[in-house]
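Colleague: Just passing along the structure, written as structure tokens.
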Amino acid sequence: MEFWEKYRREFPVTEHWAYMNHAAVAPLSRRAADAMQGTIEDVCRNGVAHSKQWDEVFEGLRSSAARLIGASAEEIAIVKNTTEGLAIVANGLDWRPGDAMAAVEREFPANYYPWKHLETRGVKVRWIPQREGRIELEDVDRACAGARLLTISFVQYLSGFRVDLEEVGKICARHGCLYVVDAIQGLGVFPVDVRKAGIHALAADGHKWLMGPEGCAILFVASNLIPRIEPVEFGWTSVANYRDYQSRDAALRAGAARYECGTLNTAGCYGMLAAIDLLLEVGIERIGARVASLSRRIAAGVASRGYRLMTSPEGEATSGILAFQKEGLDTVAAVKRLASQRIAVAPRSGWIRTSPHFYVSDEEVDRLLAALPA
């Protein structure tokens, strides 16, 4: 039995769907759902009687998230979503009129609007082109010259192109610019080491490849950058003495938790911790190899049926996302037909986008291929 087959029982979605839409919203594992249901039932029956356990879960989530990306728990903040994490960085830095930064054109809006808004403060945003869905290092290098910051997605949400985090990090280091990563479309599938890559900040929501709940995300801020990012949302849990309700000492918490400005999504944190721990148990290296294999199987199958790929899954650029189309095909209608056969994919800007996770079977991929319109 292959390793991934042993974990299929963790995902009840397999009883009903060939689910290849993890780049949109992933189904929860049994472990994540049970963890959330357990704490909800506890609060239903006991109120806050066991609230000390919540703190243990928050600390556990920071620790597991840190382990996932090679950071320390003190560098992790629990936030609502990827957008909030990126906005904390974008709005907390001391930008000056005339500053330049670099970003990638046609990114998912979460990694566009927080930076585009900086133009109202006089910041010049240099937009790096996507060339047939790919991002070339030469373009990144050119945009980073003289820039204070680069923001880039680990995996592009439409094309599925996966950047080489370490090579991009070398460019940022050479130009002395901060390195910010929207990791939502790759974290949980492919290895991330923020130290090796030289990443200064990273954000990712739980509801895609981490297979956790919506409304719960992680933000990594490197320890040496934390003093430079002012908490724009300054709340009662931003301060070191937040447990002392009578204190009015506004001294900040020492680590990234200063960006947590109030009560956390407790049930979501239970689910997120269970989801990350499951992935760590399976092994990110094994997950990445399996997902890349599924992408190549889909790519070969759709190409043989006359579909055009946005980008070919090649080497290190391969991700779990694949976009393809055929001239004259109504992709929205095609995706609806697939859904009627319990095959979950997504229509995106005239393309059919697939995104299977490691537990998806080869037979489910072949079922998708057989069901695609000729």
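What follows is calculated from the coordinates using simple rules that are stated; it is not laboratory data. The structure presented is a predicted model; accordingly, all values stated were derived computationally and were not measured. Virtual Cβ from ideal backbone geometry, glycine too; neighbours counted across all protein chains shown.
Colleague: Along the charge dipole of the range 33-281, Cβ charges K/R +1 and D/E -1, which of 50, 90, 221 sits furthest on the positive end?
Modeller: Most positive-ward Cα: 90.
Colleague: With +1 on each Lys and Arg Cβ and -1 on each Asp and Glu Cβ, how big is the dipole of the range 33-281 about its Cα centre, in debye rounded to the nearest 20?
Modeller: Details: 26 positive and 33 negative charges, 133 e Å.
Computed charge dipole of the range 33-281: roughly 640 debye.
Colleague: Taking only the alpha carbons of the chain, what extent do you get along each of the three principal axes, in Å, biggest first?
Modeller: Between the extreme Cα coordinates on each principal axis of the chain lie 67, 57, 33 Å.
Colleague: Another question, then. For the range 85-151, what are Rg and Dmax over the alpha carbons, in angstrom?
Modeller: Spelled out, the Cα radius of gyration and Dmax of the range 85-151 are 11.6, 35 Å.
Colleague: Let me confirm the definition first: pairs of Lys residues in the chain, 8 or more apart or on different chains, C-alpha distance under 17 Å. How many are there?
Modeller: Summing the qualifying lysine pairs gives 4.
Colleague: Same structure again: Tell me whether the range 210-335 comes out rounded, prolate or oblate; compute the Cα gyration tensor, take square roots of the eigenvalues as a ≥ b ≥ c, and use a/c under 1.5 as the rounded threshold.
Modeller: Because a/c hits 1.5 or more and a/b exceeds b/c, the range 210-335 counts as prolate.
Colleague: May I pose another question? Take the chain, connect every pair of alpha-carbon atoms lying under 10 Å apart with a spring to form a Gaussian network, then pick out the residue of 198, 215, 38 with the largest mean-square fluctuation.
Modeller: 38
Colleague: Only Cα pairs under 8 Å and at least 6 apart count here; give the relative contact order of the chain as a rounded whole percent.
Modeller: 23 percent
Colleague: Could you tell me which of rounded, prolate or oblate describes the range 164-271, using a ≥ b ≥ c as the square roots of the eigenvalues of the alpha-carbon gyration tensor, with rounded for a/c under 1.5 and, failing that, prolate when a/b is larger than b/c and oblate otherwise?
Modeller: Oblate, since a/c reaches 1.5 and b/c is not below a/b.
Colleague: With 10 angstrom as the radius, rank 29, 304 by how many other C-beta atoms surround their C-beta, starting from the fewest. Walk me through the intermediate numbers first.
Modeller: Numbers: 29 23, 304 9.
Going from least to most buried by this count: 304, 29.
Colleague: I would also like to ask the following. Averaging over every viewing direction, what projected area does the convex hull of the Cα atoms of the range 104-186 cover, in nm²?
Modeller: Directional mean of the projected Cα hull area for the range 104-186 stands at 4.9 nm².
Colleague: I've got another one for you. Hydropathy first: keep DSSP H helices in the chain averaging at least 0.0 on Kyte-Doolittle, then drop any whose Cα extent along the axis falls short of 18 Å, and list what survives.
Modeller: 266-282, 284-304
Colleague: Name the residue from 190, 25, 127 whose Cα lies farthest towards the positive end of the charge dipole of the chain, charges +1 on Cβ of Lys and Arg and -1 on Cβ of Asp and Glu.
Modeller: 127
Colleague: For the residue pair residue 59 and residue 244, what label-to-label distance in nm results when each label sits 7 Å from Cα along the Cα-to-beta-carbon direction?
Modeller: 2.0 nm
Colleague: For the range 1-141, what is the convex hull volume of the alpha-carbon atoms per residue, in Å³?
Modeller: On the way: hull volume 30.2 nm³, N = 141.
Residue-normalised Cα hull volume stands at 214 Å³.
Colleague: Next question, about the same structure. Using a 10 angstrom cutoff on alpha carbons, build the Gaussian network for the chain and name the most mobile of 77, 183, 300.
Modeller: 300
Colleague: Could you work out which residue, out of 113, 157, 259, moves most in a Gaussian network model of the chain, that is, has the largest mean-square fluctuation with Cα springs under 10 Å?
Modeller: 113
Colleague: Projected onto the charge dipole of the range 1-88 (+1 at Lys/Arg Cβ, -1 at Asp/Glu Cβ, origin at the Cα centre), which of 73, 61, 14 gives the Cα projection farthest towards the positive end?
Modeller: Checking the options against the dipole of the range 1-88, the answer is 14.
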